[in-house]
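This report refers to the structure that appears directly beneath it.
The values are calculated or read from the model by the stated rules, or taken from the named source; none is laboratory data. Values in this document were obtained by computation on a predicted structure and should not be read as measured data. Here Cβ is always computed from backbone atoms with ideal geometry, including for glycine, and neighbour counts include all displayed protein chains.
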Amino acid sequence: MHRIISLFLIVFVLLSFSSKLSVADEYYYTWKDNDEVTHITDDINKIPPKYKNSSKQYKKNVRGLIPNIKKYYNITSIYLNKYKQFITIFFTLLIFYFIIRKIISESKDRRLFKKTSYNNELISNSGIKNKSSDDFKKTIKEILIKNNYKLDNSELTYNPVIDYIGTKGNKKYAISINSNVNSIPKHMVNEVESEKYKYNCSDSMIIARTSFDEQAIEFAKKVGCCIYDDTHTARIIMNKAKF
């Protein structure tokens with residue numbers, strides 16, 4: 001953003017000065033006065049009117065770095081003058097574009113910060129982080145029953161992955177209540193998804209009090225596993241959402 005503004009200012013200064021600069025003539029002129037004295041100039045306007053017809057024009061033999069710099073600077077000045085309005089409008093629109101993009105970005109950041117703050121407060125008020133593993137699982141079990149899930153774990157002898165087989169309507173779920181405090185990786189989602197087939201479940205569900213990593217989220221979307229992270233679980237406990 002700062003670079004764009006700096007570039008605009010440089011172009012603006014060049015445009016301002018270019019209109020006041022004259023392009024150096026690439027020729028020089030000579031004439032003799034009444035006393036036969038030879039005069040020389042590179043500005044045709046300096047030739048006295050009575051000697052203009054007798055003056056001679058010669059092309060400059062321009063060599064070296066400085067004359068070339070002057071030459072290209074003069075050419076640049078011509079084009080800057082010619083397209084001054086277009087260049088000014090272009091850079092003005094470009095600056096407006098970056099300003100608007102900056103405003104939108106800051107607005108998104110504010111909304112994200114507000115949402116994050118709200119979610120953190122919701123999680124804190126729900127108490128899910130402070131519950132013991134048994135208390136957390138007991139709380140989730142009660143909410144599932146309240147949400148009309150019929151739970152059964154009689155078939156789950158020594159199963160460390162699935163906590164309940166739940167049925168609601170015509171769907172049968174393999175439900176895992178994960179009380180881990182670390183982010184849940186993809187392989188845990190894969191384990192739950194694999195276990196559902198052992199019990200002829202149509203769907204799988206993981207209810208957690210922490211977050212899922214990106215790979216776990218993408219995998220869950222791909223296989224259709226229902227995952228509830230700490231924010232979703234907190235909303236359900238606070239009666240702001242349902243399973």
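Results, tabulated for the structure shown:
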| quantity | calculated |
| --- | --- |
| Scope the range 48-87; condition at pLDDT 80 or above, in a helix (DSSP H, G or I) and either touching a Pro at 6+ places or on another chain (Cβ under 7 Å) or surrounded by 12 or more Cβ atoms within 10 Å (Cβ to Cβ) (or both); matching residues | Tyr51 |
| Boolean, Asn148 is farther than 21 Å from Asp134 by Cβ, assigned to a loop (DSSP other than H, G, I, E, B) and in contact with a Gly (Cβ under 9 Å, 6 or more places away or on another chain) | yes |
| Test: residue in the range 154-166 that is modelled with pLDDT under 90, over 20 Å from Ile237 (Cα atoms) and touching a strand residue (DSSP E or B) at 6+ places or on another chain (Cβ under 8 Å) | yes |
| Residue in the range 199-213 that is more than 30 Å from the chain's Cα centre (by Cα) and part of a helix (DSSP H, G or I) present | yes |
| Lys141 being touching a strand residue (DSSP E or B) at 6+ places or on another chain (Cβ under 6 Å), assigned to a helix (DSSP H, G or I), surrounded by 12 or more Cβ atoms within 10 Å (Cβ to Cβ) and at pLDDT 90 or above | no |
| Meets criteria (at pLDDT 95 or above, within 28 Å of Thr116 (Cβ to Cβ) and part of a strand (DSSP E or B)) for Ile217 | no |
